[in-house]
Amino acid sequence: MNNKKYFLIWADNGAEINELINTFAAHGHELQYWVGLKENTSQLKNIVFQDHYEAWAGAPASGLEKFLLPPSTELVSQMQATESMALTMMDKKFGDMTTNARKHLYYQMLGYWSRVLEHFKPDLIIFPAVPHTVYNFILYSLARRRGIKTVMFEDSWIIDRLLAYEDWQVGDPRFAQKLLEYKNRTFKLADLPDDLIKYYEEQTAPAADTTPLYMQEQRQKFSRAARRRLLWKKIIPALRDGSLFRRAVRLFRRRGEPDLAKDYAKFQTEPNLSTPFIYVPLNFQPERTTCPQGGLFVDQILMVKTLAAALPAGWQIYVKEHPSQWWLRGGVNYSPVRFPGYYEQLAKIEGVKLISPAISTYELIKRSRAVATATGTAGWEALLRSKPAIIFGYPWYRDCPEVLRVSDLETGRQALEKIAAGFKPRPQEMIKFLKILDEVSVRGHLEGYFDKIWKMTKRESIRNVAEFCLKLL
């Protein structure tokens, strides 16, 4: 048996992770380094264990303090693309840091992980998702430079279909192979398994509202009724301890302070759905879906400007904020991703109008000429509804041959010219894409919402993930 060495960069507190480790051990493969959670510390010996949050803060693993050495000028120069993305990635945890402080932390992580790889020389590094928490993105980038095999997974949100990548920008090369193999083949809906037939029929039903479960839960949690209930829960204790008046004064003062929602309202207009328009739903940020998967277009203002510069005469761009942007991670507070003046910059772009987040995304998809997004779900929903989808980043559906990829002004013009000429995604090709997805995907799910929707357990999912990784070794 050709025994291999591997790193596991997987912060989960489920017993299933130990099952993955034990599966690899049963095949003779050695776990050298595990970044996980403290409460899930492995009982296996001879493993370097590091807490995910300590790694995220730039700390070394216990016993490896000597690896905290500065990176060489040559390495820093070679990794400039990684540095640019990593500094933006720090918006999520290090939003208050200055640029120089971020750079110092980046250099510390770069030097440390470079020496870790040099010392341990793993054959494989396993990530549960596209690396996006700074330290694991740096580790991934260094591994690719050194020719070390990497693997990561992405949930497609299609019934237990999990995508596996060695390189998140390339995606799964088996898609391209299958598309070539099936180039002259035609598939009917009946050629799909029963669960995908049901999925396709539900998604393409004329009046379908297929809002993802996580958005349904957030909408319910942050509804007006839910906020009122929360307010009453705070009022009763405040009455008891005599702090109600003080709290009311503080709340009254805050109502006059500027915030994201108020800024947006200044520039929000009513859309004219009879005019030709491109629907642009903004991605929630900071998040993996735009950093790193948005690439350059993690800057969504740049994305909209690129699209606007290519817009045919008489067309409009309707930009809609993601509702979660005002619900999660500080709510309506300013941040590095939504800074003062953010919405004003968008509204000043010629041909661009901001519209209410309350307008149905499905009505906008239906009435639009196309949907444009960095990586958003709305792009996939558009494709299923035979509406052109323009993508700027690397969503899970990027290999669909019906998608229009834009990377600059010229490709933007080409895409919009094609749409103006009448291009629409073909249902036949979408069925073929689902057929290929079924054949190349790993059966499972890794995000917490999915076990509420589908039958496969997390243990079964991890077992399938382990088997896929074993094949790579």
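Scanning segment 13-23 for residues that are more than 19 Å from residue 139 (Cβ to Cβ) and not polar (S, T, N, Q) yields a count of 4.
Just the residues that are among the acidic types (Asp, Glu) and in contact (Cβ under 8 Å) with a residue 60 or more places away in the chain, please, taken from segment 322-369. I'd like the intermediate steps shown before the answer.
Narrowing segment 322-369 to residues among the acidic types (Asp, Glu): 344, 350, 363.
Of everything in segment 322-369, those that are among the acidic types (Asp, Glu) and in contact (Cβ under 8 Å) with a residue 60 or more places away in the chain turn out to be 344, 363.
Of all residues in segment 17-34, those being crowded, with 17+ Cβ neighbours inside 10 Å and in contact (Cβ under 8 Å) with a residue 40 or more places away in the chain number 7.
Taken residue by residue, segment 90-108 has at least one member that is surrounded by fewer than 16 Cβ atoms within 10 Å (Cβ to Cβ), of a type in the set (Val, Ile, Thr), under 27 Å from the mean Cα position of the chain (by Cα) and assigned to a loop (DSSP other than H, G, I, E, B).
Determine, yes or no, whether residue 185 is assigned to a loop (DSSP other than H, G, I, E, B), among the basic types (Lys, Arg) and either touching a Ser or Thr at 6+ places or on another chain (Cβ under 7 Å) or open to solvent by 30 Å² or more (accessible area, probe 1.4 Å) (or both). It is true that residue 185 is assigned to a loop (DSSP other than H, G, I, E, B), among the basic types (Lys, Arg) and either touching a Ser or Thr at 6+ places or on another chain (Cβ under 7 Å) or open to solvent by 30 Å² or more (accessible area, probe 1.4 Å) (or both). Here the condition is being in contact with a helix residue (DSSP H, G or I) (Cβ under 8 Å, 6 or more places away or on another chain) and of a type in the set (D, E, K, R); of 115, 144, it holds for 115 alone.
Would you mention how many residues in segment 145-177 are closer than 30 Å to residue 211 by Cβ and open to solvent by 40 Å² or more (accessible area, probe 1.4 Å)? Show your work before the answer.
First pass over segment 145-177, keeping only residues closer than 30 Å to residue 211 by Cβ: 152-165, 168-169, 171-172, 175.
Restricting the remaining residues to those that are open to solvent by 40 Å² or more (accessible area, probe 1.4 Å) gives 157, 169.
Total satisfying the criteria: 2.
Elements of the type helices (runs of 4 or more DSSP H) sitting completely within segment 1-83 and holding at least 1 residues that are more than 30 Å from residue 101 (Cα to Cα) and over 25 Å from the mean Cα position of the chain (by Cα): these cover 16-26.
If you go through segment 331-382 and keep only what is surrounded by fewer than 20 Cβ atoms within 10 Å (Cβ to Cβ) and of a type in the set (S, T, N, Q), you end up with 333, 335, 345, 356, 360. So which residues in segment 139-170 are under 17 Å from the mean Cα position of the chain (by Cα), modelled with pLDDT of 95 or more and not in a strand (DSSP E or B), if there are any at all? Answer for segment 139-170, where residues must be under 17 Å from the mean Cα position of the chain (by Cα), modelled with pLDDT of 95 or more and not in a strand (DSSP E or B): 140, 166, 167, 168, 169, 170. Taking residues in segment 450-473 that are open to solvent by less than 70 Å² (accessible area, probe 1.4 Å), and partners anywhere that are part of a helix (DSSP H, G or I) and at pLDDT below 90, the pairs with Cβ atoms closer than 7 Å and at least 6 places apart or on different chains are 457/451; 458/16; 458/451; 462/16; 462/19. Residues in segment 119-132 that are open to solvent by 10 Å² or more (accessible area, probe 1.4 Å), within 19 Å of the chain's Cα centre (by Cα) and farther than 30 Å from residue 192 by Cα: 132 only.
Of the residues making up segment 383-409, those that are more than 21 Å from residue 162 (Cα to Cα), in contact (Cβ under 8 Å) with a residue 40 or more places away in the chain and of a type outside the set (S, T, N, Q) are 385, 390, 392, 406, 408, 409.
Does residue 407 satisfy the condition of being on the phi > 0 side of the Ramachandran plot and part of a loop (DSSP other than H, G, I, E, B)? When the stated conditions are applied, residue 407 does not pass them. Take the conditions (1) within 18 Å of residue 265 (Cα to Cα); (2) open to solvent by 10 Å² or more (accessible area, probe 1.4 Å); (3) out of contact with any Asp or Glu (no Cβ under 9 Å at 6 or more places or on another chain); residue 321 misses just one of them, which is (2).
From the list 2, 13, the lone residue that is out of contact with any His (no Cβ under 6 Å at 6 or more places or on another chain), open to solvent by 50 Å² or more (accessible area, probe 1.4 Å), within 15 Å of residue 122 (Cβ to Cβ) and modelled with pLDDT under 90 is 2.
Within segment 420-442, the only residue that satisfies the criterion of being surrounded by fewer than 17 Cβ atoms within 10 Å (Cβ to Cβ), in contact with an Asp or Glu (Cβ under 7 Å, 6 or more places away or on another chain) and not in a helix (DSSP H, G or I) is 426. Any idea which residue in segment 188-203 is farthest from residue 290 (Cα to Cα), counting only those that are open to solvent by less than 50 Å² (accessible area, probe 1.4 Å) and assigned to a helix (DSSP H, G or I)? The qualifying residue farthest from residue 290 (Cα to Cα) is 189.
The values are calculated or read from the model by the stated rules, or taken from the named source; none is laboratory data. Given the structure is predicted, the values throughout are model-derived calculations rather than measurements. Methodologically, a virtual Cβ is constructed for each residue, glycine included, from the backbone with ideal geometry; neighbour enumeration extends over all protein chains shown. Note: accessible area is taken over every heavy atom of the protein model, side chains too, but ligands, DNA and RNA are not part of it. Shrake-Rupley method; radii C 1.70, N 1.55, O 1.52, S 1.80 Å.
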